[in-house]
Amino acid sequence: MLQETVQKWYKEAEQKGMREGKRKGKIEGKKEGKKEGKKEGKKEGKKEGLVKLILSQFEAKFGKISAADRKIVRCAETEALLEWGTRIITAESIDEVFNG
């Protein structure tokens, strides 16, 4: 009888521990997901801002921009956009900005 009671308590404690572990895991998962989402959102927002800035600079310096050049800018990585933002200062054409 005592052994059965101890086994029952052990099983109950184990189940309680599992439930508590799941609950804590969900909380941590939500926190991590939220943190990752904010990080990704900031990264995307930064890129969108750079795209708008580069396109604006291109139009101001070179006039109307072709659809192909707009697509190149929209599809570029952030690092390339930053580099182009510097190159545009001395470039004499959009091709010179893209190709250095």
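Laboratory data are not the source of any read-out in this text; all were calculated from the coordinates shown. The structure displayed is predicted, hence computed values, not measured ones. Cβ atoms come from the backbone with ideal geometry, glycine included; neighbour counts cover every protein chain shown.
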Under 6 Å between Cβ atoms, at least 6 apart or on separate chains: pull out the pairs that start in the stretch 33-53 with a residue that is assigned to a helix (DSSP H, G or I) and end on any residue that is among the aliphatic types (A, V, I, L, M).
LEU50/LEU81; VAL51/VAL73
Could you check how many residues of the stretch 59-96 are part of a helix (DSSP H, G or I) and farther than 23 Å from LYS43 by Cβ?
10
Is it the case, given these coordinates, that GLU4 is out of contact with any strand residue (DSSP E or B) (no Cβ under 8 Å at 6 or more places or on another chain) and either within 26 Å of GLU96 (Cα to Cα) or exposed (fewer than 10 other Cβ atoms within 10 Å of the Cβ) (or both)?
yes
Output for Cβ contacts, cut-off 7 Å, separation at least six or different chains, first residue surrounded by fewer than 16 Cβ atoms within 10 Å (Cβ to Cβ) in the stretch 82-100, second basic (Lys, Arg), reads GLY100/ARG87
Looking at the stretch 50-77, which of the residues that are loosely packed, with under 14 Cβ neighbours inside 10 Å and of a type outside the set (D, E, K, R) is nearest to the chain's Cα centre (by Cα)?
CYS75
